[in-house]
Amino acid sequence: QPEPAKYDYLREEVGGRVADRVFDITRTFPLALDVGCGSGYIAQYLNKETVEKLFQVDMAENALKNTMETEIPTVSVVADEEFLPFKEDTFDLVVSSLSLHWVNDLPRAFREIHQVLKPDGVFIGAMFGGETLYELRCSLQLAEQEREGGFSPHISPFTDVTDLGHLLGRAGFNTLTVDTDEIQVNYPGMFEIMEDLKGMGESNCSWNRKPILHRETMLAAAAIYQEMYGSNDGSVPATFEIYYMIGWKFQESQARPAQRGSATVSFGDLAKINALISRKK
């Protein structure tokens, strides 16, 4: 396997799951945008019947030069997720997979995505969140506290699922759906996990972290990891919590929730539904 692709297994898996959510919407999207596309982890699963043309945006020019083949006509653009270089109401669909946790200003990025969507356009995204890598975080903190008398963050901070829904709502999205999923990957040991995270480009982004961890602390962390989370076969798990989000840009023709208090049947009557059906018979 080529060296860069060796570490793409997680991005490819989540990219496929984002594409599945696109297929769940029974319409064709004439123009779509992939924000933080990387090597095209979503585009490889899409087809021309669903997306007729795709703009791929990423800050890394090298990633855009090495995008995977897809049957969809594509245009590559080097740009920042927080400053999308497109006019308002341009795209029918915006997708994003495992890139938004790197954004400095997530509310702004959501507003930018909302702005470039056409009315009745949809945003479908996935990002790391919540308890991602909690095993590694806990092991490093315990080892550093024991060996060095304190600890600093060595795992990037992640957004909470409740905050994500609020941020999407504030950006203007409606008919929101946010769900979570866990992907657990087993490794020979803690050092193999850290090697893969580095290969994925998922090093710690915290500016106030300690620049180095002493060898003794790292060995202690590996031992703690094995003791607390190790499996019978000697491997250790790493948990990645993925948030999937779907949000729509408002249009008058969209279905709306009924007004509060307009219901004609009480939830309390549901228990009597069988009896009511029997009487009618």
**Complete:** Restricting region 88-141 to residues that are assigned to a loop (DSSP other than H, G, I, E, B) and of a type in the set (Val, Ile, Thr), the one farthest from PHE29 (Cα to Cα) turns out to be THR132
**Asked** Is it fair to say PHE151 is closer than 30 Å to GLY121 by Cα and either modelled with pLDDT of 90 or more or not aliphatic (A, V, I, L, M) (or both)?
**Response** no
**Message:** Of everything in region 66-81, what is open to solvent by 50 Å² or more (accessible area, probe 1.4 Å), of a type outside the set (A, V, I, L, M, F, W, C) and part of a loop (DSSP other than H, G, I, E, B)? Give them in sequence order.
**Reply:** ASN66, GLU69, GLU71, PRO73
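The rows are residues; the columns are (1) among the small types (Gly, Ala, Ser); (2) at pLDDT below 70; (3) under 28 Å from GLN141 (Cα atoms).
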residue: GLN184; (1), (2), (3): no, no, yes
residue: ILE212; (1), (2), (3): no, yes, yes
residue: GLU227; (1), (2), (3): no, no, yes
residue: SER253; (1), (2), (3): yes, no, no
residue: THR264; (1), (2), (3): no, no, no
residue: GLY268; (1), (2), (3): yes, no, no
residue: LEU276; (1), (2), (3): no, yes, no
**Prompt:** Mind checking whether some residue in region 125-144 is among the aliphatic types (A, V, I, L, M), open to solvent by less than 20 Å² (accessible area, probe 1.4 Å), touching a residue at least 12 places away in the same chain (Cβ under 8 Å) and more than 30 Å from TYR229 (Cβ to Cβ)?
**Reply:** no
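The values are calculated or read from the model by the stated rules, or taken from the named source; none is laboratory data. Computed from a prediction, not measured in an experiment: that's the story for all the values here. Neighbour counts are summed over all protein chains in view; Cβ atoms, including those assigned to glycine, are modelled from backbone coordinates with ideal geometry. For the accessible areas, the whole protein counts, side chains as well, though only heavy atoms, and no ligand, DNA or RNA atoms are used. Shrake-Rupley method; radii C 1.70, N 1.55, O 1.52, S 1.80 Å.
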